[in-house]
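Just below is one structure, and these are the notes that go with it.
The values are calculated or read from the model by the stated rules, or taken from the named source; none is laboratory data. It should be emphasised that the depicted structure is a prediction, and the values quoted were computed from it without experimental measurement. We place every Cβ from the backbone using ideal geometry, glycine too, and count neighbours over all the protein chains shown.
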Amino acid sequence: MALSHSNPLVSLNSSTPTALWTVPTVTTSIETRRQPQYQNVLIQNTDASIVIYIGGPGVSTTAYGVALSAGQSITLDSLGPNEIAYAISASGTPKASLLFVTSA
């Protein structure tokens, strides 16, 4: 198992879902947020009071997948090479912390 903290904090907002990482489309591009194939990712809400919502590209504050209260985390298991999670905040501009876990 290998741990990678390649993008420790992702800034979120309350108006548009934010991709928590990107999948490179060109092998020569350098991505600051990328997801290697078939891994787990731990997503933590690092804010002290704002709720964030985790889901697909259509996640919103009224049609959300999973609500993470301040300080809570969730692990997404066995993600495929093109799967991306999105997040939006209930208000303000909180941050989400990511920890990628891959098989060595």
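Quick rundown of the values:
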{"item": "Residue tally, condition under 14 Å from L20 (Cβ atoms), in contact (Cβ under 8 Å) with a residue 24 or more places away in the chain and among the aliphatic types (A, V, I, L, M), over region 62-104", "result": "11"}
{"item": "Filter pass, A87 being at pLDDT 85 or above and assigned to a loop (DSSP other than H, G, I, E, B)", "result": "no"}
{"item": "Which listed residue is at pLDDT below 90, assigned to a loop (DSSP other than H, G, I, E, B) and surrounded by 15 or more Cβ atoms within 10 Å (Cβ to Cβ), from N40, N13, N7, N82", "result": "N7"}
